[in-house]
1. What do you reckon, is Glu15 open to solvent by 30 Å² or more (accessible area, probe 1.4 Å), touching a Ser or Thr at 6+ places or on another chain (Cβ under 9 Å) and part of a strand (DSSP E or B)?
2. Looking at Glu10, Glu36, which is the one that is closer than 17 Å to Leu83 by Cα, of a type outside the set (Lys, Arg), open to solvent by 60 Å² or more (accessible area, probe 1.4 Å) and without any contact (Cβ under 8 Å) to a residue 60 or more places away in the chain?
3. Taking the condition crowded, with 18+ Cβ neighbours inside 10 Å, in a strand (DSSP E or B) and in contact with a Gly (Cβ under 8 Å, 6 or more places away or on another chain), does Arg67 pass?
4. Out of the stretch 33-77, which residues are over 19 Å from Ser13 (Cβ atoms), in contact with a Phe, Trp or Tyr (Cβ under 7 Å, 6 or more places away or on another chain) and of a type in the set (Lys, Arg)?
5. Do we find a residue being open to solvent by 90 Å² or more (accessible area, probe 1.4 Å) and at pLDDT 95 or above anywhere in the stretch 19-31?
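The values are calculated or read from the model by the stated rules, or taken from the named source; none is laboratory data. It should be emphasised that the depicted structure is a prediction, and the values quoted were computed from it without experimental measurement. Positions of Cβ are generated from backbone atoms using ideal geometry, with glycine treated the same way; all protein chains shown enter the neighbour counts. Remember, those area values only see protein heavy atoms, side chains included, never the ligands or the DNA or RNA. Shrake-Rupley method; radii C 1.70, N 1.55, O 1.52, S 1.80 Å.
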Amino acid sequence: AAMWPSATGEVQSAEVKRTQHGTFVVVIYRYYAQGEYRSGKYRRSFRRKAAAQAFAEAIRGRTIQVRFQQDKPGESVLLEQDLQMTGMLQMG
């Protein structure tokens with residue numbers, strides 16, 4: 001996925017969720033690729049609820065880099081390395 005083309009995306013929401021297996025953040029984002037707006041979902045686990053809340057606050061409403069498949073532009077990912085470059089994964 002690191003070699004996939006990229007698009008500028010915008011985080012639509014970031015919600016902290018808790019289950020019996022731990023705490024995680026679900027990020028919903030939107031991006032424009034090959035003439036259409038598309039959306040995707042990213043999920044990241046955290047050991048501590050405070051770290052999850054800090055990440056959700058940091059990423060909410062932000063512009064991010066989204067990687068998408070050339071032949072299936074609706075298939076997308078957020079890469080850890082791209083998020084680290086923005087400073088959003090220095091916590092947790």
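1. On the way: open to solvent by 30 Å² or more (accessible area, probe 1.4 Å): yes; touching a Ser or Thr at 6+ places or on another chain (Cβ under 9 Å): no; part of a strand (DSSP E or B): yes.
No.
2. Values: Glu36 fails: closer than 17 Å to Leu83 by Cα.
When all the criteria are applied, what remains is Glu10.
3. Numbers: crowded, with 18+ Cβ neighbours inside 10 Å: yes; in a strand (DSSP E or B): yes; in contact with a Gly (Cβ under 8 Å, 6 or more places away or on another chain): no.
It is false that Arg67 is crowded, with 18+ Cβ neighbours inside 10 Å, in a strand (DSSP E or B) and in contact with a Gly (Cβ under 8 Å, 6 or more places away or on another chain).
4. Arg67
5. Step one: filter the stretch 19-31 for residues open to solvent by 90 Å² or more (accessible area, probe 1.4 Å), giving 20-21, 30.
The next check asks that each one be at pLDDT 95 or above; those that pass are 30.
Yes, because at least one residue in the stretch 19-31 is open to solvent by 90 Å² or more (accessible area, probe 1.4 Å) and at pLDDT 95 or above.
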